[in-house]
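The values are calculated or read from the model by the stated rules, or taken from the named source; none is laboratory data. Owing to the predicted nature of the structure, the values given are computational and were not obtained by experimental measurement. Every residue, glycine among them, receives a Cβ derived from its backbone with ideal geometry; neighbour counts consider all protein chains shown.
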Amino acid sequence: MPARTRPRHPARVLVRRERATDVAAVRALVVAAFPTPGGADEPVEAGLLDALRADPGWLPAFSLVAEDPAGEVVGHVVATRGDVDGHPAVGLGPVAVRPDRQRRGVGTALVHALLGAAEARAETLVAVLGEPTFYGRFGFRPAAELAIGSPDPAWGDSFRVRPLIGRVPRGRFRYAAPFAGL
Ligand SMILES: CC(C)(COP(=O)(O)OP(=O)(O)OC[C@H]1O[C@@H](n2cnc3c(N)ncnc32)[C@H](O)[C@@H]1OP(=O)(O)O)[C@@H](O)C(=O)NCCC(=O)NCCS
């Protein structure tokens, strides 16, 4: 019998827009999901999310949570306003799933929902810096293939773009300002 690659059954979740009452639970799951560097109190992604919330690039329609049948928030994804040489675009991340619910399709559901929301709002592209094994399945392509420059050339093919509707602008992608502080 072939080995099972997904031993646990998919999680049942609803993906919806984040509400004000979800913010604390989202922060807690981001702290739990990402590693905390030695000597630090919490992962850098927790502070990044706080800074993004306070930034003009925050897009409430693109902050989505996954809620389990008990009403608990078990995953979160966000995309914020960036640009490609002045043309509006969005940058994805952070995305986080509570550790006890990982590898059960929650992250996949969140990213699909985010891409659908972005396309429905006529965004031309979503950019991401991340694991090719995770993001490749959503149609993200190395940004260079689309003539989009990375904020940091050292990121190479880990910086990817998912084209959406309309003409994809060419040029250099810039994230919302808080990403520069990472
Ligand atoms: C990355 C993350 C959001 C994925 O969410 P998830 O619900 O666990 O992902 P899914 O169950 O939808 O899995 C989809 C695929 O992603 C990949 N993947 C997910 N977690 C992985 C991990 N820890 N290591 C390696 N690959 C992983 C696998 O290819 C997986 O497919 P498979 O289960 O068939 O092998 C989640 O693991 C997480 O919160 N990780 C910590 C935070 C992080 O690294 N965020 C991403 C960078 S912003």
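Worth pointing out:
- Residues being among the acidic types (Asp, Glu) and within 30 Å of ALA40 (Cβ to Cβ) are entirely absent from the range 133-149.
- Residue in the range 157-176 that is at pLDDT 95 or above and under 20 Å from GLU18 (Cα atoms) present: yes
- With respect to being at pLDDT 95 or above and in contact with a His (Cβ under 7 Å, 6 or more places away or on another chain), VAL13 falls outside the description.
- Filtered residue count, the range 141-174, keeping only those that are within 22 Å of PRO94 (Cβ to Cβ) and in a loop (DSSP other than H, G, I, E, B): 4
- Conditions (1) in contact (Cβ under 8 Å) with a residue 40 or more places away in the chain; (2) touching a Leu at 6+ places or on another chain (Cβ under 9 Å); (3) closer than 24 Å to ARG27 by Cβ: number failed by VAL111: (1)
Yes/no per residue for (1) without any contact (Cβ under 8 Å) to a residue 12 or more places away in the chain; (2) touching a helix residue (DSSP H, G or I) at 6+ places or on another chain (Cβ under 9 Å); (3) among the charged types (D, E, K, R):
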{"site": "ALA79", "(1), (2), (3)": "no, yes, no"}
{"site": "ARG98", "(1), (2), (3)": "no, yes, yes"}
{"site": "VAL126", "(1), (2), (3)": "no, yes, no"}
{"site": "LEU129", "(1), (2), (3)": "no, yes, no"}
{"site": "PRO132", "(1), (2), (3)": "no, yes, no"}
{"site": "SER150", "(1), (2), (3)": "no, yes, no"}
{"site": "ALA154", "(1), (2), (3)": "yes, no, no"}
{"site": "GLY166", "(1), (2), (3)": "no, no, no"}
{"site": "PRO178", "(1), (2), (3)": "no, yes, no"}
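- Entry remark, the range 113-135: residues being of a type in the set (D, E, K, R) and under 14 Å from the mean Cα position of the chain (by Cα) number 1 in total.
- Flag for VAL31 being touching an Asp or Glu at 6+ places or on another chain (Cβ under 8 Å), more than 30 Å from VAL168 (Cβ to Cβ) and without any contact (Cβ under 8 Å) to a residue 40 or more places away in the chain: yes
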